[in-house]
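Q: Here it is, the structure in full.
No lab work stands behind these numbers, since they all come straight from the coordinates. Small disclaimer: the values here were computed from a predicted structure and weren't measured. All Cβ positions, even for glycine, are placed from backbone atoms using ideal geometry, and neighbour counts span all protein chains on display.
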Amino acid sequence: MSPSTTALLYRPVYIVKRPIAAGRGRGYARRMPRALQAALTVTDLLFLAYWAASALAAAGAITLPHGWMYAGYGEPRVDAWNWSFLPLDLAFSTSGLAALAAARRGDALWRPLALVSLVLTSTAGCMAVAYWALLREFNPAWFLPNLALLLWPALFLPGLVRGLAGR
């Protein structure tokens, strides 16, 4: 082989990924949209407050009005069903709050963290909606918030996925 052919064959290849320019494509660029920031903040903080109140009630430190609670509150199987959501709810809340912290630092890690949070939030809402629908319990105080948990992430998922794909 000639020296010029050898140089071409063994020349190092550098792949440079360009950062997504603001406004380029339809995916989220560098910054987390304000509406997503607000939705994550409200949802995640409310869920942490819900579980704190539930833990205090379970420990007997506070009493929650029975009328505010879900159908079957106080029945061991129904309460166990409710507590079965704790790991899922904590996972979406902590990943959502971590996404917010990453976005504040300007760290692109906010995108995958937000994706995890949104998928888990929607999953939790779907599971609760399915449960209440199977029981034909359509109390708006419990059904509508869970329906919102199922649906609101869908407003942000397409743009988030496009942003992660670099489009």
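Q: Residues with beta-carbon under 12 Å from that of TYR70, excluding TYR70: net charge, scoring Lys, Arg +1 and Asp, Glu -1?
A: Result for the neighbourhood of TYR70: -3.
Q: Most exposed first by the Cβ proxy, i.e. fewest other Cβ within 10 Å, how do SER84, SER122, SER117 rank?
A: Going from least to most buried by this count: SER84, SER122, SER117.
Q: Cα convex hull of the stretch 73-158: how many Å³ per residue? Spell out each step's value before the answer.
A: On the way: hull volume 8.2 nm³, N = 86.
Hull volume over Cα atoms, normalised by residue count, gives 95 Å³.
Q: Net charge around ALA55, counting only other residues with Cβ within less than 15 Å of its Cβ (Lys, Arg = +1; Asp, Glu = -1)? The partial results should precede the final answer.
A: Values: positive: none; negative: ASP79, ASP89.
That sum, taken over residues with Cβ under 15 Å, equals -2.
Q: In the stretch 107-127, which residues have a backbone nitrogen under 12 Å from the label point lying 7 Å from ARG167's Cα in the Cα-to-Cβ direction?
A: So the set is empty, nothing qualifies.
Q: Could I ask something else about it? Ranked from highest to lowest mean number of other Cβ atoms within 10 Å per residue, what is the order of the peptides 67-74, 104-111, 124-131?
A: Sorting 67-74, 104-111, 124-131 by mean packing, highest first, produces 124-131, 104-111, 67-74.
Q: For the residue pair TYR50 and TRP81, what label-to-label distance in nm results when each label sits 7 Å from Cα along the Cα-to-beta-carbon direction?
A: Roughly 1.5 nm, to one decimal.
Q: Exposure proxy check: ASP44, ASP79 ranked by fewest other beta carbons within 10 Å?
A: Final ranking by Cβ density, sparse to dense: ASP79, ASP44.
Q: Which value in nm describes the separation of the simple spin-label points at THR94 and ALA154, placed 7 Å from the Cα toward the beta carbon?
A: 2.9
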